[in-house]
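The structure appears below as structure tokens.
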Ligand code: NAP
């Protein structure tokens, strides 16, 4: 039996790993090792970077890999780009599992921007009490904003520099509507900043913001990587695997 490598770090990757383990596949899930206490997928797990494209290509060959599944977060651009190049170089089938992006509905007041610099520009002059949920690696983009207070929600402590007025709230989803409503109310939030991560685990903050008439600075996803088949469900990945030679 040859190995299937899942590039993970997402709830979808964990769910897929469990399905493949149950199906008797030889699966290895790979985590970047960014968070101190990661949710660990079922089956075999390896943790840490591969050492760029060359390292990933070597890993695929050394482990007799038959398929590569990129189920990383839609904003994890570097590992996805590396996966595309390594799979192409190795002649290995590659599929990308991406949860669908969120779309604005009635009541949503979104200001869509292309990147964190755009998000910081949108915050300046717009919000005074900002709920920042972009993740620990992206807080620095807001460090120069001195006239707003930020509630920074992160799993692990944010990487400096931080904006001068802030409170760090460490927690891990999934989140629920009642809790998100209370958080917005208790902290008198008047602006939410988020990436368009998609998925259900962190969606309730958007519903709570819409209910309260709070604007949302929404960072659009980067363009999808060029290589590989695209899938948005575990079923589509299983179907794809089943038809591989
Ligand atoms: P990134 O910028 O695309 O990747 C930076 C480097 O980290 C990669 O070049 C690779 O190092 C290593 N890496 C990333 N994901 C890896 C994985 N699954 N297994 C092994 N090495 C990995 O990634 P990122 O945005 O920092 O995200 C890191 C991880 O957190 C990803 O697995 C992603 O699914 C998860 N995550 C990201 C976000 C987000 O907003 N970006 C949110 C939730 C979860 P080498 O070049 O040395 O191989």
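Just a few scattered comments:
- Failed item in (1) within 8 Å of the ligand (Cβ to nearest atom); (2) surrounded by fewer than 14 Cβ atoms within 10 Å (Cβ to Cβ); (3) part of a helix (DSSP H, G or I), with residue 54 passing the rest: (1)
- Residue match in segment 58-67 (condition: in contact with a strand residue (DSSP E or B) (Cβ under 8 Å, 6 or more places away or on another chain), more than 8 Å from the ligand (Cβ to nearest atom) and closer than 27 Å to residue 195 by Cα): no
- Here is the figure for segment 24-38: residues that are in contact with a helix residue (DSSP H, G or I) (Cβ under 6 Å, 6 or more places away or on another chain) and within 13 Å of the ligand (Cβ to nearest atom) total 1.
- Number of residues in segment 200-245 that are surrounded by 18 or more Cβ atoms within 10 Å (Cβ to Cβ) and touching a helix residue (DSSP H, G or I) at 6+ places or on another chain (Cβ under 7 Å): the value is 13.
Each row is one residue, and each column tells you yes or no for (1) farther than 21 Å from residue 232 by Cα; (2) within 11 Å of the ligand (Cβ to nearest atom); (3) exposed (fewer than 14 other Cβ atoms within 10 Å of the Cβ); (4) at pLDDT 95 or above.
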| residue | (1), (2), (3), (4) |
| --- | --- |
| 43 | yes, no, no, yes |
| 72 | no, yes, no, yes |
| 82 | no, yes, no, yes |
| 96 | no, no, no, yes |
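- Selection of segment 40-65 for residues being touching a residue at least 60 places away in the same chain (Cβ under 8 Å) and touching a helix residue (DSSP H, G or I) at 6+ places or on another chain (Cβ under 9 Å) yields only 65.
- On inspection, residue 49 does not qualify as assigned to a loop (DSSP other than H, G, I, E, B) and more than 11 Å from the ligand (Cβ to nearest atom).
- Segment 1-19 - residue that is free of Cβ contacts under 8 Å to residues at least 60 places away in the same chain and in contact with a strand residue (DSSP E or B) (Cβ under 8 Å, 6 or more places away or on another chain) and, of those, farthest from residue 155 (Cα to Cα): 17
The values are calculated or read from the model by the stated rules, or taken from the named source; none is laboratory data. The structure presented is a predicted model; accordingly, all values stated were derived computationally and were not measured. Please note: Cβ atoms are built from the backbone with ideal geometry, for glycine as well, and neighbour counts cover all protein chains shown.
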